[in-house]
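The values are calculated or read from the model by the stated rules, or taken from the named source; none is laboratory data. Please read these numbers as outputs of a predicted model, since none were measured by experiment. We place every Cβ from the backbone using ideal geometry, glycine too, and count neighbours over all the protein chains shown. The area values use the complete protein model at the heavy-atom level, side chains included, leaving out ligands, DNA and RNA. Shrake-Rupley method; radii C 1.70, N 1.55, O 1.52, S 1.80 Å.
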Amino acid sequence: MKRLIALTVVLTLALFAGCKEKSPEEKGKEALKAAAEKIPDSPEKVALEATKAAKDGNYVLIYAMLPDSYQADLQAMYKKFADKVDPEMYNKVWAVAEKAIAAVKKNKDKIAEGGMLPKEMLEQGLTTAEAVLALVKELKINDAATMKSLDFAAFLADNGPKLHEFGWKTAEAFQKEEAASVKGMMESLKAELKGEIKDDKATVTITIGEEVQDTEFVKVEGKWIPADIAAMWPKFKEETNKNIDEALAEMEKNKDKMNELLTQAEAAVTAFEKDGNMEALAPLMGAMGGM
């Protein structure tokens, strides 16, 4: 009986261990492994597949096409910033934004009557703001804890199609002709290998509509990427890290002031939502200017 009880306990623990939710890093590794199997082994096919992935919202495949060290660079730069962001302030920004949208929606007629914005522009802006907030909440990136643990590959694998759909809908709402033009270019793109591959270098002739251009590709860490990206990456990494360090230093320096301005903004939004008094927005505009 004791052996049976012990065996039951072991099996139960094993079951719960097996059901444990995977970490973002584990999900990211799995997503990259699955995407890597779809990466072509020739530069012209990489160009075609990357374009198709962009058109379909398969952003994790585009991310997987980057050399592994580039992926690590991007994740490290993001983590450096996310780890230093004040959680309370970050969450409060989104909370105030949500209150502001609700206040504007409640008093949109008064805003239009006051002449601050044309009614059509106000409606369009409000619709977009609500859609952005809904997407942010759905992706849970309005929560500092989620942001700090975010893994790019896992995030893109889970949310790429949602981001893609939202991006195109927004583009078509504000710039319909430009969005249609970009879609047309993607659909018309052709890529052909020019000459032979030599020393991990190749030239790909890319045709978009009537425009024809030769693009140099190089193989980095076993993956074909445009030579321009390989050439600019060291400087991009250096400058981005420098910008992050400066931004973090500025945030730390002005942390108390930022929190004070957020409190002012929240109070202004609350007052405006209550009675729609346009004068209540004056402190909000001042706070936004300060931030």
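The figures follow:
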| quantity | calculated |
| --- | --- |
| Shape category assigned to the range 44-203 from the gyration tensor of Cα positions, a/c cut at 1.5 | oblate |
| Ile62 accessible area, assembled protein chains, probe 1.4 Å, Å² | 60 Å² |
| Under the Debye formula (equal points on every Cα, no solvent term), log10 I(q)/I(0) of the range 95-136 at q = 0.20, 0.23, 0.27 Å⁻¹ | -0.58, -0.73, -0.93 |
| The chain, accessible area per residue, ligands and nucleic acids excluded (1.4 Å, Å²) | 64 Å² |
| C-alpha long axis of helix 255-275 to longest principal axis of the chain, angle in ° | 60 degrees |
| Rounded percent of accessible protein surface that carbon and sulfur make up, the chain, 1.4 Å probe | 58 percent |
| Candidate aspartates and glutamates - alpha carbon under 19 Å from Lys194, same-chain residues fewer than 8 apart omitted | Asp41, Glu44, Glu49, Glu210, Glu211, Asp214, Glu216, Asp228 |
| Rounded FRET efficiency, nearest 0.05, which uses the C-beta distance separating Glu165 from Ala95 and R0 of 35 Å | 0.85 |
| Neighbour net charge for Met65 - beta-carbon separation under 10 angstrom, K R +1, D E -1 | +1 |
| Whether the range 160-264 is rounded, prolate or oblate, judged on the alpha carbon gyration tensor where a/c under 1.5 counts as rounded | oblate |
| Gain upon complete extension [Ala72, Val136; 0.36 nm per residue less C-alpha separation] | 20.6 nm |
| Linear extension gain, Gln213 paired with Glu250, 0.36 nm per residue minus alpha-carbon span | 9.0 nm |
| Ranked by how many other beta carbons lie within 10 Å on average, peptides 49-59, 157-167 from highest | 49-59, 157-167 |
| 0 to 90° range, to nearest 10: angle between helix 281-290 axis and the chain longest Cα axis | 40 degrees |
| As computed over the range 122-195, the Cα convex hull volume per residue (Å³) | 125 Å³ |
| The range 78-168 shape via C-alpha gyration tensor axes, a/c threshold 1.5 | oblate |
| Whole-number D in µm² s⁻¹ for the chain, Kirkwood Cα-pair radius fed into Stokes-Einstein, 10 °C, 1.306 mPa s | 68 µm²/s |
| Potential lengthening between Thr127 and Glu30 on full extension [0.36 nm per residue; Cα-Cα distance subtracted] | 31.3 nm |
| Between helix 43-56 and the chain: long-axis angle, C-alpha atoms, 0 to 90°, nearest 10 | 30 degrees |
| The range 123-164: proportion of alpha-carbon pairs further apart than 11 angstrom, % | 68 percent |
| Segments 148-154, 190-196 sorted - mean Cβ within 10 Å per residue, highest first | 148-154, 190-196 |
